[in-house]
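S.K.: Mind having a look at this structure? Questions to follow.
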Amino acid sequence: MTEEIKLEENGTVLHLAPEHKIIIDLIEDGSRVMDLGCGEGDLLKALKALKHVRAEGIELSEECIQVCVEKGLFNVHHGNLDEGLADYADGSVDYVILTNTIQVLHRPLFLIKEMARVGKKCIISFPNFGYLPIRFQLGIMGRMPKSPRLPYEWYDTPNIHLATLSDFRDFCRAADLRILKEIPLRTGDEGKCSIVRFLPNLMADAAIFVVEASGVRG
Amino acid sequence: MIEEGSVGIVETQYFTFAEPPNEMELECGRKLGPITLAYETYGELNEACDNTILVVHALSGDAHAAGYSSADEEKPSGWWDIMIGPGKGIDTNKYFVVCANIIGGCKGSTGPSSINPQTERPYGLAFPVVTIQDMVNTQKALLDHLGIDKLLCVIGGSMGGMQVLQWVCSYPEMVRLAIPIATTARLSAQAIAFDEVGRQAIMSDPDWMGGDYYGKTIPHRGLSIARMIGHITYLSDKSMHQKFARRLQDKIEYGYDFVTDFQVESYLRYKGDSFVKRFDANSYLYISKAMDYFDLGQQFGSLKQAFAETIAKFLVISFSSDWLFPSQQSKEIISALRYNNLDAIYTEIKTDYGHDAFLLEAGQITRLIGNFLEHGHRKA
């Protein structure tokens, strides 16, 4: 599920996740942005080209770092998100982004607090486990759910911390985070996202939350 | 027969400077001169003069980083031939590469085994203690002599990495890209401890004679033991297990004596003995001391402060099985770079080779370094 965008300056083709375009729109020009689990660096490249951000990434895979260097990114650090962001100073970036990754972390609460410490704002996207077809598979069919966003068999999945939109709101409260924006999404067939307005916890297959540490604005 | 991808036969060159009365002042406060540096160059300096890469070597390295030193050699003898050459990570078709033997060394540059012009005998312990800063200052003098006022990149592993870090802190405006590999911004207590055991091995050898052994019996045992200890720290538990396990050397049963039983013993002795043939014991003392003194944070007030003027982009590489300079020490460098808003790639390469991986593990780091140099060169 990726969407291709072509950068005008040199024709580079980037592969973005469905919600990446919406995330790009959330970010102000010239911000300092950190992408956690930046993969092969496509979102960072797009943010650099479209929003002129100072981009940095953290990525677990050595091979992905190789690809980021191949793409000419100069700010990618090899690291395990489950170990937190101890080497990063408080408030040192404007946005910390975590796309479609929170469900694979061993300690999501720990990392999200770390994100809110390092970033002035955090942007988190995740698959909604309260999405109607998921509920149907578990509730009516009695099967562990699978979907384009959750394509794994139960016995072979990296996803260990799945949540619904309602769960995530509770989670933000537990982590002392203020929710600034909540964007429920519906992913279309071509990987394009639209915003869900009606019964989001049932109708959205994913969501983007923009949050900040509660203490920030006092 | 010259291999494809080799820079071919290279002649080591020599540059002498700091002739009295213009001796060079060293960090310890003493003056030294004249100073000779042995160096080699590969590739061509381009018209824009923006393609120079300075390669800095580790403890036992020398100026001969790539290619053959004579037509008689069957294989390239340069210590980093896997990295430097046409089409390699440091592509000599694109870049002009300079590598010099460090001051204090014994491979053509001025060191304790050189002749002291005042006594016309080898310096021995009369040679002043040199530091990483002194090594970098002499390299700067060499580049001035070669007419090079900016460096595309400084690259090196282990003690070479320390020189890379010293370069970007001491001459920040000169360096555009920096690649410190398997290194640290300050030597840990553990690493100092190993160095000290090596030095004690040398100094307790009766043949060492207070460093005045030139022309007599050299402290073979001491230097050999120092190298054996050092070599253990360059490998990993896993690589030693894979290479030797508990296999016996030339026997099928234990000897129940103190002659070599295990292959690993035999290997270390071989490594020690062959090192003695090519290295000077006093140089070992001086160079290991230079590493022990290295502490950028102390030198500049703090590590963050050290990079305050730096403009270079960094590629910091560590190795997962390196327990001499573990990854955490590279992360400390990254943290200080980030504090100064400097661009930096950090990657830990998964390998079983231990600290020495930068000399052995060609594939991954070749690709990383090649791409980093390519983009870094284009960007400037």
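The values are calculated or read from the model by the stated rules, or taken from the named source; none is laboratory data. Given the structure is predicted, the values throughout are model-derived calculations rather than measurements. Reconstructed Cβ throughout: ideal geometry from the backbone, glycine too, with neighbour counts over all protein chains shown.
S.K.: State the number of residues belonging to the stretch B:335-371 that are crowded, with 21+ Cβ neighbours inside 10 Å, more than 10 Å from every other protein chain (Cβ to nearest Cβ) and small (Gly, Ala, Ser).
M.R.: Here the count works out to 2.
S.K.: List every residue pair whose Cβ atoms lie under 8 Å apart, where the two residues are 6 or more positions apart in sequence or sit on different chains, the first residue falls within the stretch B:27-38 and is free of Cβ contacts under 8 Å to residues at least 24 places away in the same chain, and the second residue, located anywhere, is of a type in the set (S, T, N, Q).
M.R.: Short answer, once both residue conditions are applied: B:GLY33/B:ASN22.
S.K.: Does A:VAL211 satisfy the condition of being modelled with pLDDT of 95 or more and touching a strand residue (DSSP E or B) at 6+ places or on another chain (Cβ under 8 Å)?
M.R.: yes
S.K.: Can you tell me which residue is farthest from A:ILE208 (Cα to Cα) among those in the stretch A:8-36 that are at pLDDT 95 or above and not aliphatic (A, V, I, L, M)?
M.R.: So, considering only residues that are at pLDDT 95 or above and not aliphatic (A, V, I, L, M), the one farthest from A:ILE208 (Cα to Cα) is A:GLY30.
Table: residues versus (1) over 25 Å from A:VAL196 (Cβ atoms); (2) in contact (Cβ under 8 Å) with a residue 60 or more places away in the chain; (3) surrounded by fewer than 17 Cβ atoms within 10 Å (Cβ to Cβ).
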position: A:HIS52; (1), (2), (3): yes, no, yes
position: A:PHE74; (1), (2), (3): yes, no, no
position: A:ASN80; (1), (2), (3): yes, no, yes
position: A:VAL96; (1), (2), (3): no, yes, no
position: A:VAL118; (1), (2), (3): yes, yes, no
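S.K.: Would you check which residues across the stretch A:48-74 are assigned to a loop (DSSP other than H, G, I, E, B) and either more than 8 Å from every other protein chain (Cβ to nearest Cβ) or more than 19 Å from A:THR101 (Cβ to Cβ) (or both) and list them?
M.R.: Within the stretch A:48-74, A:HIS52, A:VAL53, A:LEU60, A:SER61, A:LYS71, A:GLY72, A:PHE74 meet the criteria.
S.K.: Let me ask something else about it. Among the residues of the stretch A:54-72, how many are more than 10 Å from B:THR347 (Cβ to Cβ), touching a Lys or Arg at 6+ places or on another chain (Cβ under 9 Å) and surrounded by 22 or more Cβ atoms within 10 Å (Cβ to Cβ)?
M.R.: Looking only at that region, the number is 2.
S.K.: Please enumerate the residues belonging to the stretch B:290-329 that are over 19 Å from the mean Cα position of the chain (by Cα), of a type in the set (Gly, Ala, Ser) and in a helix (DSSP H, G or I).
M.R.: Within the stretch B:290-329, B:GLY297, B:ALA306 meet the criteria.
S.K.: Can B:ASP352 be described as farther than 30 Å from A:VAL53 by Cβ, in the same structural domain as B:ALA126 (by TED's automatic domain parsing), in contact (Cβ under 8 Å) with a residue 12 or more places away in the chain and more than 20 Å from the chain's Cα centre (by Cα)?
M.R.: yes
S.K.: Quick check: is even one residue across the stretch A:93-107 in a strand (DSSP E or B), out of contact with any helix residue (DSSP H, G or I) (no Cβ under 9 Å at 6 or more places or on another chain), within 14 Å of chain B (Cβ to nearest Cβ) and within 27 Å of A:HIS78 (Cβ to Cβ)?
M.R.: Looking through the stretch A:93-107, at least one residue is in a strand (DSSP E or B), out of contact with any helix residue (DSSP H, G or I) (no Cβ under 9 Å at 6 or more places or on another chain), within 14 Å of chain B (Cβ to nearest Cβ) and within 27 Å of A:HIS78 (Cβ to Cβ).
S.K.: Here is a further query. Within the stretch A:75-91, take every residue that is of a type in the set (D, E, K, R) and more than 8 Å from chain B (Cβ to nearest Cβ) and give me the one that is farthest from the chain's Cα centre (by Cα).
M.R.: A:ASP90
S.K.: Still on this structure: Given (1) in contact with a helix residue (DSSP H, G or I) (Cβ under 9 Å, 6 or more places away or on another chain); (2) within 28 Å of A:ILE65 (Cα to Cα), where does B:ILE225 come up short, assuming only one miss?
M.R.: (2)
S.K.: Say whether the condition of being of a type in the set (Gly, Ala, Ser), within 14 Å of chain B (Cβ to nearest Cβ) and under 30 Å from A:ALA49 (Cα atoms) is met by at least one residue in the stretch A:125-147.
M.R.: No, the stretch A:125-147 contains no residue that is of a type in the set (Gly, Ala, Ser), within 14 Å of chain B (Cβ to nearest Cβ) and under 30 Å from A:ALA49 (Cα atoms).
S.K.: What are the residues in the stretch B:304-334 that are of a type outside the set (S, T, N, Q), farther than 26 Å from B:GLY230 by Cβ and more than 9 Å from chain A (Cβ to nearest Cβ), if any?
M.R.: Of everything in the stretch B:304-334, those that are of a type outside the set (S, T, N, Q), farther than 26 Å from B:GLY230 by Cβ and more than 9 Å from chain A (Cβ to nearest Cβ) turn out to be B:LYS304, B:ALA306, B:PHE307, B:ALA308, B:GLU309, B:ILE311, B:ALA312.
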